[in-house]
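Asks: Would you mind keeping the following structure in view while I ask a few things?
The values are calculated or read from the model by the stated rules, or taken from the named source; none is laboratory data. In this text, all values refer to a predicted model and were calculated from it rather than measured experimentally. No Cβ is skipped: glycine too gets one built from the backbone with ideal geometry, and neighbour counts run over all protein chains shown.
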Amino acid sequence: MIKFCSLFSGSSGNCIFIAADRTKILIDAGLSAKRIIEALVSIGEKPSELSAVLVSHEHIDHIRGAGIISRKYNIPVFANESTWEAMDRSVGPVSLINKQYFNTGREFEIGEVLVKAFPIPHDAAEPVGFSFFAGNRKVTVATDIGHINDELLNNFEMSELLLLESNHDVEMLRIGPYPWMLKKRIAGDFGHLSNEMAGKAIVHMAEKGTRRFLLGHLSRENNFPELAYQTVCNALYERQIIVGTDVALDVVLRDKVGKVIEL
């Protein structure tokens, strides 16, 4: 069985919990250690029992609490070499035994969980998404994506659960308060995925057999949960895929612990 919960997901901080048997993993730790610890306790988990923190890339909304959690509970932090080089100063001292490396594109094991880190198009040193395998279950997490490509879709295949970025509404971003250069970055090929693009990717994966989807990493300024949800619902409906009947679709929030999902 896999236990999955989005603790926080958004432009102000990201942290996801996944567990299988005795293996318990955080995917990113982009808020204060205090808030992450409180969130874990709220779902009945002990921070001291964490097996690892996995880091997708070095942006502060993904690493803010990683070093503190590692030092406080003696927990390994896993990242690829380029990400470690980019975030080393920001996370603070991590003991050599807890500074762990993985190779993008290769599978590695953490306890009972097999992990594959795959490349994503984003403006960071070597950003990745993650697929997790336990028993015959596969769960995939992919946010901070500038655009969808065939390699991403191939890595999404056979996932029982896919958490995918649905960062912004294109029109809200266009008329919103951000400076032009920031708008250009977000909308660019190495920025963030729009609701519309998330919808297209989810339609593709639903037609490939994935039945459970979560929308994450929503922008505070350029999106809102109901809009992201409805945009993807509409894209699915156009292909005669009905939310609630054919697939499950939910939105995970920036500042609220999500539902605990057991697969």
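Asks: If a residue has to be over 25 Å from ARG137 (Cα atoms), in contact with a Lys or Arg (Cβ under 8 Å, 6 or more places away or on another chain) and in a loop (DSSP other than H, G, I, E, B) to count, how many in the range 9-60 make the cut?
Replies: So the answer is 6.
Asks: Sticking with this one: Among the residues of the range 38-82, count how many are β-branched (Val, Ile, Thr) and free of Cβ contacts under 8 Å to residues at least 24 places away in the same chain. Explain how you work it out, then say what you get.
Replies: Step one: list which residues in the range 38-82 are β-branched (Val, Ile, Thr), which gives 41, 43, 53, 55, 60, 63, 68-69, 75, 77.
Adding the requirement that they be free of Cβ contacts under 8 Å to residues at least 24 places away in the same chain leaves 41.
Count: 1.
Asks: Only one of (1) outside any strand (DSSP E or B); (2) outside the structural domain of ASP246 (by TED's automatic domain parsing); (3) of a type outside the set (Val, Ile, Thr) is not met by GLU109, so which one is it?
Replies: Single failed check for GLU109: (1).
Asks: In the range 219-261, which residue that is under 20 Å from PHE8 (Cβ atoms) and charged (D, E, K, R) is surrounded by the fewest Cβ atoms within 10 Å (Cβ to Cβ)?
Replies: GLU226
Asks: Within the range 113-162, can you find the residues that are part of a strand (DSSP E or B), under 11 Å from the mean Cα position of the chain (by Cα) and under 14 Å from HIS62 (Cβ atoms)?
Replies: VAL128, GLY129, PHE130, VAL141, ALA142
Asks: When the range 31-58 is examined, which residues are found to be among the hydroxyl-bearing types (Ser, Thr, Tyr) and crowded, with 20+ Cβ neighbours inside 10 Å?
Replies: Correct list: SER56 only.
Asks: When you go through TYR101, TYR73 one by one, which is the residue that is in contact with a Phe, Trp or Tyr (Cβ under 8 Å, 6 or more places away or on another chain), farther than 19 Å from ILE261 by Cβ and surrounded by fewer than 17 Cβ atoms within 10 Å (Cβ to Cβ)?
Replies: TYR101
Asks: Taking GLU196, is it outside any loop (DSSP other than H, G, I, E, B), in contact (Cβ under 8 Å) with a residue 24 or more places away in the chain, loosely packed, with under 13 Cβ neighbours inside 10 Å and assigned by TED's automatic domain parsing to the domain that holds ASN155?
Replies: Criteria not met by GLU196.
Asks: I would also like to ask the following. What pairs can you find where one residue is in the range 225-240 and assigned by TED's automatic domain parsing to the domain that holds LEU163 and more than 14 Å from VAL170 (Cβ to Cβ), the other is modelled with pLDDT under 95 and surrounded by 13 or more Cβ atoms within 10 Å (Cβ to Cβ), and their Cβ atoms are less than 7 Å apart, with a gap of 6+ or different chains?
Replies: Between residues of the range 225-240 that are assigned by TED's automatic domain parsing to the domain that holds LEU163 and more than 14 Å from VAL170 (Cβ to Cβ) and residues that are modelled with pLDDT under 95 and surrounded by 13 or more Cβ atoms within 10 Å (Cβ to Cβ), the close pairs are PRO225/LEU253.
Asks: Name the pairs whose Cβ atoms lie under 6 Å apart, with the first residue in the range 83-99 and in a helix (DSSP H, G or I), the second of a type in the set (D, E, K, R) and surrounded by 18 or more Cβ atoms within 10 Å (Cβ to Cβ), and 6 or more positions between them or separate chains?
Replies: From residues that are in a helix (DSSP H, G or I), the pairs are THR83/GLU58; THR83/GLU126; ALA86/GLU58; MET87/GLU58.
Asks: Determine whether the range 245-253 contains at least one residue that is without any contact (Cβ under 8 Å) to a residue 24 or more places away in the chain and either in a helix (DSSP H, G or I) or out of contact with any helix residue (DSSP H, G or I) (no Cβ under 7 Å at 6 or more places or on another chain) (or both).
Replies: Yes.
Asks: I need a count of the residues in the range 158-180 that are surrounded by 15 or more Cβ atoms within 10 Å (Cβ to Cβ) and either small (Gly, Ala, Ser) or out of contact with any strand residue (DSSP E or B) (no Cβ under 9 Å at 6 or more places or on another chain) (or both).
Replies: 5
Asks: Okay, next question. Being of a type in the set (Asp, Glu), surrounded by fewer than 23 Cβ atoms within 10 Å (Cβ to Cβ) and under 15 Å from VAL115 (Cβ atoms) is true for just one of ASP61, ASP21, ASP88, ASP28. Which residue is that? Steps first, answer last, please.
Replies: On the way: ASP61 fails: under 15 Å from VAL115 (Cβ atoms); ASP88 fails: under 15 Å from VAL115 (Cβ atoms); ASP28 fails: surrounded by fewer than 23 Cβ atoms within 10 Å (Cβ to Cβ).
ASP21 is the lone residue from the list that is of a type in the set (Asp, Glu), surrounded by fewer than 23 Cβ atoms within 10 Å (Cβ to Cβ) and under 15 Å from VAL115 (Cβ atoms).
Asks: Is it the case, given these coordinates, that LYS99 is closer than 18 Å to PRO76 by Cβ and either of a type outside the set (Ser, Thr, Tyr) or assigned by TED's automatic domain parsing to the domain that holds LEU50 (or both)?
Replies: So LYS99 fits the description; yes.
Asks: Can I ask one more? Return yes or no: is SER6 of a type in the set (Ser, Thr, Tyr) and at pLDDT 95 or above?
Replies: Working: of a type in the set (Ser, Thr, Tyr): yes; at pLDDT 95 or above: yes.
Yes.
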